[in-house]
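Below is one structure, written out as structure tokens; comments come after it.
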């Protein structure tokens, strides 16, 4: 149990990737505090935590409001007397940011920067003293491979800022033994992404021919939050099934030309077990 007796705050922990992080943290021995705006989902996740034999608490709030961020962090630390790990998972995806066609550029920017970058900044800033008091604290920010793809617009800008924030936090917290890292997921199967496209589309979202799962992201988070990563700080870990190293638009041409077999030739792609 890599997080035994640690207290972990997961923002947006009531659904999707955040819920997966919460449940994996419980299995790693942590006591978890879940934050979110949807109290019904939060209570449901908390019930699942308790069904697994874990200890948890739920704190409702809107992370786009600075005062809410401070209250959530303070209540999380008070729930179990300390705070060891902060996971900044909450955010608004490019398709769920609430941007309207009539919005001005400034409004568009604020709708995306607020929940994806400012929220992580505020929660981290207020968490730093608690993490320092606990000793060897850790922050893990959930970024996105959107940082590599300009078509995601302000969402990509916000997530790129989040990775820069991660490095700034690593420097800020080092003297107090606080590490800060980020996980950059590719396409992950959640309630927000499942069913949005057909099976053929899903085969193209990674080299492994499928979406990832929330638990696969959670396992990466557990590594960065634990002492197994005691010499890792300021890093961003890609967990994308090879999405960002693959030029998918060229694959049909490469297959037709046979160029995809120009490497070592030791794997026979026409064999059934390959």
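The values are calculated or read from the model by the stated rules, or taken from the named source; none is laboratory data. Not measured: the values here are computed from a predicted model. Methodologically, a virtual Cβ is constructed for each residue, glycine included, from the backbone with ideal geometry; neighbour enumeration extends over all protein chains shown.
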key: segment 7-34, subset touching a helix residue (DSSP H, G or I) at 6+ places or on another chain (Cβ under 8 Å) and assigned to a loop (DSSP other than H, G, I, E, B), residue farthest from residue 53 (Cα to Cα)   = 12
key: Filtered residue count, segment 254-274, keeping only those that are touching a helix residue (DSSP H, G or I) at 6+ places or on another chain (Cβ under 8 Å) and at pLDDT 75 or above   = 1
remark   = Checking 190, 213, 236 in turn, the sole residue that is surrounded by 14 or more Cβ atoms within 10 Å (Cβ to Cβ), under 27 Å from residue 97 (Cβ atoms) and modelled with pLDDT under 90 turns out to be 190
ask   = Are there any helices (runs of 4 or more DSSP H) wholly within segment 64-183 with 3 or more residues that are touching a residue at least 60 places away in the same chain (Cβ under 8 Å), and if so which?
value = 66-80, 119-134, 153-174
ask   = For residue 248, which of the numbered conditions (1) over 30 Å from residue 136 (Cβ atoms); (2) surrounded by fewer than 13 Cβ atoms within 10 Å (Cβ to Cβ); (3) without any contact (Cβ under 8 Å) to a residue 40 or more places away in the chain fails to hold?
value = (3)
Selected residue [surrounded by fewer than 20 Cβ atoms within 10 Å (Cβ to Cβ) and at negative phi] from 19, 31, 24, 2 = 2
task = Find all pairs meeting these conditions: Cβ atoms under 8 angstrom apart; at least six residues apart or on different chains; first residue within segment 213-231 and free of Cβ contacts under 8 Å to residues at least 60 places away in the same chain and at positive phi; second residue crowded, with 22+ Cβ neighbours inside 10 Å and assigned to a helix (DSSP H, G or I).
result = none
inquiry  = So, in segment 222-248, exactly how many residues are part of a helix (DSSP H, G or I) and in contact with a helix residue (DSSP H, G or I) (Cβ under 7 Å, 6 or more places away or on another chain)?
reply    = 5
message = Restricting to segment 128-171, name every residue that is farther than 23 Å from residue 91 by Cα and in contact with a strand residue (DSSP E or B) (Cβ under 9 Å, 6 or more places away or on another chain).
response = 134, 136, 171
message = For segment 35-59, which positions are touching a helix residue (DSSP H, G or I) at 6+ places or on another chain (Cβ under 6 Å) and under 19 Å from residue 216 (Cβ atoms)?
response = 45, 52
ask   = Going through segment 205-221 one residue at a time, which ones are within 16 Å of the chain's Cα centre (by Cα) and either over 27 Å from residue 9 (Cβ atoms) or in a helix (DSSP H, G or I) (or both)?
value = 214, 215, 216, 217, 218, 219, 220, 221
